[in-house]
Amino acid sequence: MKRLFFLTIIALVSCNRKETKSFDNFIFSDAGLHHDYSLKFTNNDTIFLQKRFPSPTENYYAILTEEDNGSLNKFVEKLDFKNYDTLYAQENLEDGRSLLFRVSKLKENHWVFIYGHNGPKELFEFTKWLTNFKEKQKFKKSSKASDYGDLKYILPPPPPPKIDTIADK
């Protein structure tokens, strides 16, 4: 009788357990000639979006469906970002598309930056999924900005300092 009781309890607990994510935070940033944005997924159901170009910078949020949550989790789990190089750059390219993937789990961080068309095929497939995912979301404006980590590879460098010339005096 005790055995049946414990099996019933275990079955009930496992049925009520939610799917755990394969990450604590996942950030995807995409920048090109006509766009610049970052998506942030956390271990809850809220998605954050920061659109930086076209300007002004705007912040948004949306709620992740269980179906999309499962698909995203499968992608991140399957890709295992620690097995990739951190940098893939196409030589002799200017004004190319930049992609930055940053995943963290249990204080372990991995990132992959792609500039141009050199990079693992599966990351470009994931980019396509993320882009389509972003387009179908109903984002709502937010007054709060989320932390998207170090975006030095995505953001353009600051303008050079102004130099005083004789004509300015």
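The values are calculated or read from the model by the stated rules, or taken from the named source; none is laboratory data. Please read these numbers as outputs of a predicted model, since none were measured by experiment. As a convention, Cβ positions derive from the backbone with ideal geometry for all residues, glycine included, and neighbour counts pool all protein chains shown. With ligands, DNA and RNA removed, areas are computed over all heavy atoms of the protein, side chains included. Shrake-Rupley method; radii C 1.70, N 1.55, O 1.52, S 1.80 Å.
The figures follow:
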read-out	value
Test for PRO161: is it over 20 Å from HIS34 (Cα atoms), surrounded by fewer than 17 Cβ atoms within 10 Å (Cβ to Cβ), free of Cβ contacts under 8 Å to residues at least 24 places away in the same chain and not polar (S, T, N, Q)	yes
Total residues in region 69-117, condition among the charged types (D, E, K, R) and within 26 Å of GLN137 (Cα to Cα)	7
Cross-chain or 6+ apart pairs with Cβ under 9 Å, region 43-61 first and surrounded by fewer than 16 Cβ atoms within 10 Å (Cβ to Cβ) and in a loop (DSSP other than H, G, I, E, B), then modelled with pLDDT under 95 and of a type in the set (S, T, N, Q)	ASN43/THR20; ASN43/ASN25; ASP45/THR65; ASP45/ASN69
LYS152 of a type in the set (Lys, Arg), outside any helix (DSSP H, G or I) and either buried (at least 17 other Cβ atoms within 10 Å of the Cβ) or under 17 Å from the mean Cα position of the chain (by Cα) (or both)	yes
Selection from region 114-134 of residues that are modelled with pLDDT under 95 and open to solvent by 80 Å² or more (accessible area, probe 1.4 Å)	HIS117
Considering residues of region 72-102 that are touching a residue at least 60 places away in the same chain (Cβ under 8 Å) and under 14 Å from THR127 (Cα atoms) only, the residue most open to solvent (accessible area, probe 1.4 Å)	ARG97
